[in-house]
Amino acid sequence: MEFRIVRRRCLLLLAGIVLISAYPALASETQKSRNVLDYSLHVVLLSFRPGAGLEACRSYGRGTAGGNATVGHWVNDGNRSFGVTVECKMKSHRFWATVRIEPGESDTLTEAKVHELDLSEFRPQMIDMARDDDGRVYRLNLIPSVEVVAEAPKRFLARDQQLEHWSFPNCPIIFNDERYLGRISCSHGELAWLDIPGTALVEFSLLPFVGSEPWGVLLDGTIAISHPDGASVEINGVTNGVHQENLKGGPYQVWVRWKPPTHSLKEHQELVKTQVETLRKQIEAGDISLPAATVERLERTADSDGICLMSNGVRELQADERVPEVD
């Protein structure tokens, strides 16, 4: 009996030695680089008239979406006013893209459509979204690609996810619960801004900054900002971080700096009128070519007393704008 006990102890000891000696090899194996596939989709939005030459081509934006990301653009040309959103996803080991075409309120010509595309064989895809009476074609070009990247395990750092960075993939903006101002399409900035003539320059961030107040909330991809005087701004479809995903776990506080607008409504109208006059002169001189509907729309904007959006964007907070974070 005693011999058996000693033998068993010896076997256990030997097993322990083998396990300990194997551990450094196992650790070194996990530290080696591994090859991963980095999928991406290059998106180009344009229009042209067949046979009219390059001078008839117009570009509405381009961008690149990763394997699980979204990119959005907006077409505002003549009677056309529609958004295009491209959402990429990896599903069942396949590379898919969902293309959504959504006409704006004033666009009665463009048809809302959804396209599901399997890009796993990396063939360039082309979607003709609309066609004008003069033959102008509105086209979306999609060019998928994949790159083999050697990745070594790295330390996880929460700051690398940049969850405080806004992304607005063609997001609608509503003022005072009823007024549609337009859409915002931009990404990767800690501070976003909306310049509304005659109303306010609204700046907002998930990080507190100089002069900001806790007047906003982010919940399930919707930013809701309420000024003490009763004015409100709502933006839907917002994403965050380097992967441009819906930020879960809210509601989160949004810090707002409500400043005087860059221009009064009257000043904005005068600027638009000046722009229209300049465009008409360039058209008459043959320097540019624009649909008559585009100029007419600008003229209506100049004559309108309604709230409108002059400009928008995102940027990083400057060093002198940052304030210490408090848990």
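The values are calculated or read from the model by the stated rules, or taken from the named source; none is laboratory data. Note that the structure is predicted; figures quoted are calculated from it, not measured. In this analysis, Cβ positions are derived from the backbone assuming ideal geometry, glycine residues included, and neighbour counts consider all displayed protein chains.
The lone criterion from (1) out of contact with any His (no Cβ under 8 Å at 6 or more places or on another chain); (2) modelled with pLDDT under 85; (3) under 25 Å from residue 169 (Cβ atoms) left unmet by residue 255 is number (2).
Against the list (1) part of a helix (DSSP H, G or I); (2) modelled with pLDDT of 90 or more; (3) among the β-branched types (Val, Ile, Thr), the condition residue 233 fails is (1). Considering each residue of segment 191-198 in turn, none proves to be within 19 Å of the chain's Cα centre (by Cα) and either of a type in the set (S, T, N, Q) or modelled with pLDDT under 90 (or both).
Kindly indicate whether residue 159 is surrounded by 14 or more Cβ atoms within 10 Å (Cβ to Cβ), within 21 Å of the chain's Cα centre (by Cα), among the basic types (Lys, Arg) and at negative phi.
Working: surrounded by 14 or more Cβ atoms within 10 Å (Cβ to Cβ): no; within 21 Å of the chain's Cα centre (by Cα): yes; among the basic types (Lys, Arg): yes; at negative phi: yes.
Criteria not met by residue 159.
Scan segment 144-156 for residues that are surrounded by fewer than 17 Cβ atoms within 10 Å (Cβ to Cβ) and either in a strand (DSSP E or B) or modelled with pLDDT of 85 or more (or both) and jot them down. Passing the criteria: 145, 146, 147, 148, 149, 150, 151. Scanning segment 272-322 for residues that are in contact with a strand residue (DSSP E or B) (Cβ under 6 Å, 6 or more places away or on another chain) and among the hydrophobic types (A, V, I, L, M, F, W, C) yields 307, 309, 310, 314, 317. Across segment 21-43, the qualifying residues are those that are modelled with pLDDT under 75 and assigned to a strand (DSSP E or B), and the one among them that is nearest to residue 130 (Cα to Cα) is 37. Within segment 170-190, residues that are closer than 25 Å to residue 99 by Cα sit with their Cβ atoms under 7 Å from residues that are charged (D, E, K, R), at 6+ positions apart or across chains, in these pairs: 170/183; 171/183; 172/183; 173/183; 174/234; 180/105; 189/315; 189/316. Every condition in (1) of a type in the set (Asp, Glu); (2) under 30 Å from residue 247 (Cα atoms); (3) more than 15 Å from the chain's Cα centre (by Cα); (4) at pLDDT 85 or above is met by residue 87 except one, and the failing one is (3).
Just one of the listed residues (81, 47, 106) is exposed (fewer than 15 other Cβ atoms within 10 Å of the Cβ), hydroxyl-bearing (Ser, Thr, Tyr) and either touching a helix residue (DSSP H, G or I) at 6+ places or on another chain (Cβ under 6 Å) or not assigned by TED's automatic domain parsing to the domain that holds residue 181 (or both), namely 106. Tallying residues that are over 16 Å from residue 265 (Cβ atoms), out of contact with any helix residue (DSSP H, G or I) (no Cβ under 9 Å at 6 or more places or on another chain) and either of a type in the set (Asp, Glu) or touching a residue at least 12 places away in the same chain (Cβ under 8 Å) (or both) within segment 295-325 yields 13. Taken over segment 256-305, the criterion of being within 28 Å of residue 166 (Cα to Cα) and either over 30 Å from the mean Cα position of the chain (by Cα) or in a loop (DSSP other than H, G, I, E, B) (or both) is satisfied by 260, 261, 262, 263, 264.
Might you check whether a residue that is under 21 Å from residue 178 (Cβ atoms), acidic (Asp, Glu) and surrounded by 14 or more Cβ atoms within 10 Å (Cβ to Cβ) occurs anywhere in segment 227-246? Yes, segment 227-246 has at least one match. Exactly one residue out of 179, 159 is modelled with pLDDT under 85, of a type in the set (D, E, K, R) and outside the structural domain of residue 271 (by TED's automatic domain parsing), and it is 159.
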